[in-house]
Every structure is written in C-alpha cells, then in structure tokens.
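Student: Have a look at the structure that comes next, please.
The values are calculated or read from the model by the stated rules, or taken from the named source; none is laboratory data. If you're wondering where the values come from, they're calculated on a predicted model, not measured in any experiment. For neighbour counting, all protein chains shown are included, and Cβ atoms are generated from backbone atoms with ideal geometry for every residue, glycine included. Note: accessible area is taken over every heavy atom of the protein model, side chains too, but ligands, DNA and RNA are not part of it. Shrake-Rupley method; radii C 1.70, N 1.55, O 1.52, S 1.80 Å.
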Amino acid sequence: MEMNHEDGRFYLVDNGETIGEITYSTVKEGIISLDHTYVNDSYRGQGLAGKLLNAALDYADLKSLKIVPVCEYAKAAFERKPEIRFLLTENYQKLLKGEN
C-alpha cells in the first residue's frame, strides 16, 4: 500500500488501484478545506481514513496552513482530538469551544 500526493488530494494505492483518498482545496491564501474522505468498502476498518487525514494534517502543518473541516470525517476528528485543533482556522477553534 502506498500513500501518494498530488495537488488537491492524498490517496492510497494498493496493487495499482486507488483505495482511498482525502481531498482538499484552497479557501484563500494560507487556508485549505478538507472536502471529502473516502475509503473503498473492502478496505474499511483498517484505519486508512485516519492515515489519509494524518497525511493532510502533516501537510498543512508543514506548509503553515490552517484548515476548515468540511467533510464529516474531518469534523469528527477535530471534535475528538483537541491536540490537532491548532490547525483549525481561528473561527472553527472558537466554534469547537462553544464561542461565537
């Protein structure tokens, strides 16, 4: 299994087949949105969505980008893991803390 990256997505390939991906897009300079996470049905339950998310988080951190979680998987991860919230855009950090 191999992790790949091209503009707008990280994706996993197994035996030449794309088995999962997380897509992102630029919101504005310095901010990306995590738009969609997908893992092929036959590969689910192996933590692959988490690996894809971690690749996107590492990329954002490396490039000093902030994140807007759009897909449900990313939103849930930011709710469950306070240690990654430093990557959220400021307004999303406030939303998770219950501020307006």
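Student: Under 17 Å Cα-Cα from LYS66, which aspartates and glutamates qualify once same-chain neighbours fewer than 8 residues away are excluded?
Tutor: Straight-line reach from LYS66, under 17 Å: ASP7, GLU29, ASP35, ASP58, GLU79, GLU83, GLU90.
Student: Within the accessible area of the chain, what % is carbon and sulfur when the probe is 1.4 Å and the other protein chains stay in place?
Tutor: Numbers: 2770 of 6040 Å².
The nonpolar share, carbon plus sulfur, comes to 46 percent.
Student: Something else: Write down the accessible area per residue of the chain in Å², having rolled a 1.4 Å probe over the full set of protein chains.
Tutor: On the way: 6040 Å² over 100 residues.
Solvent-accessible surface per residue comes out at 60 Å².
Student: So if I restrict to the alpha-carbon atoms in the chain, what is the Rg, and what is Dmax, the biggest pairwise distance, in Å?
Tutor: 13.6, 47
Student: Over 13 Å apart: what share of the alpha carbon pairs of the stretch 1-44 falls there, rounded to a whole percent? It would help to have the intermediate numbers written out before the result.
Tutor: Numbers: 539 of 946 pairs.
Distances greater than 13 Å cover 57 percent of the Cα pairs.
Student: Provide the gained length on full extension for the span ASP14 to GLU79, in nm with one decimal, where the gain is 0.36 nm per separating residue minus the Cα-Cα distance.
Tutor: Numbers: separation 65, 0.36 × 65 = 23.40 nm, distance 3.01 nm.
My answer for the length gained is 20.4 nm.
Student: With everything on Cα atoms, drop me the angle between helix 48-62 and the longest principal axis of the chain, reported from 0 to 90° to the nearest 10.
Tutor: It works out to around 50 degrees.
Student: Scan the chain for GluC sites (Glu not before Pro) in coil per DSSP, keeping those whose Cβ has at most 13 other Cβ atoms within 10 Å, and list them by number.
Tutor: Numbers: sites: GLU2, GLU6, GLU17, GLU21, GLU29, GLU72, GLU79, GLU83, GLU90, GLU99; in loops: GLU29, GLU99.
Sparse-neighbourhood loop GluC sites (Glu not before Pro): GLU29, GLU99.
Student: Counting only helical runs of four or more DSSP H residues, what would the 222 nm mean residue ellipticity of the chain come to if each run contributes -39,500 (n - 2.57) and the total is spread over all its residues?
Tutor: Numbers: 3 runs with 31 residues, N = 100.
Value at 222 nm, helices only, nearest 500: -9000 deg cm²/dmol.
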